[in-house]
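Have a look at the structure below, then the notes.
The values are calculated or read from the model by the stated rules, or taken from the named source; none is laboratory data. Predicted model only: the values in this text are computed from it and were never measured. Every residue, glycine as well, gets a Cβ built from its backbone with ideal geometry; the counts of neighbours run over all protein chains shown. Just the protein is used for accessible areas: all its heavy atoms, side chains included, with ligands, DNA and RNA removed. Shrake-Rupley method; radii C 1.70, N 1.55, O 1.52, S 1.80 Å.
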Amino acid sequence: MSQTIVKPRPTTRVKPQRPPLYKVILLNDDFTPREFVVLVLKAVFNMHEEIAHRVMITAHQKGACVIAVYTRDVAETKAKEATEMGKNKGYPLFFTTEPEE
Ligand code: TYC
């Protein structure tokens, strides 16, 4: 009697990878008016007044504040757009990005 041995095939499992995330960081400066920082946070990061104000105060007191996390493209575009809004008014307002650990 012959026996058929069925070997299990190695399964190749493709685990969907999440794209790496980037933090957008707001930096404090001595010149940009507080209300303008709040306006930018609302316009670019869709924050409500109260949250935007709290974020602005945190950056003002601590020197910097992580404000949101996005995929690299979105983080860089928003940081650039927000920085540009300040630049257009002659303010040194600055947003930077950093990969999340
Ligand atoms: N420090 C600024 C001022 O006193 C206000 C400010 C807050 C600017 C946060 C930038 O990220 C910032 N007018």
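A simple spin-label model places the labels of Gln61 and Glu101 2.4 nm from each other, with each point 7 Å out along Cα-to-Cβ. Using only alpha-carbon positions in the chain, the gyration tensor eigenvalues give semi-axes of 48, 12, 11 Å once each is multiplied by 5 and square-rooted (largest first). Once both axes come from the Cα atoms, what is the angle between helix 72-88 and the longest principal axis of the chain, in degrees from 0 to 90, rounded to 10? Tilt of helix 72-88: around 10 degrees. Using a probe of 1.4 Å, the accessible surface attributed to Phe31 totals some 150 Å² when neighbouring protein chains are kept in position.
Comparing mean-square fluctuations of Thr58, Thr77, Thr11 from a GNM of the chain with C-alpha springs under 10 Å, the top value falls on Thr11. For the chain, the longest principal axis of the Cα atoms and the long axis of helix 34-45 meet at an angle of about 30 degrees.
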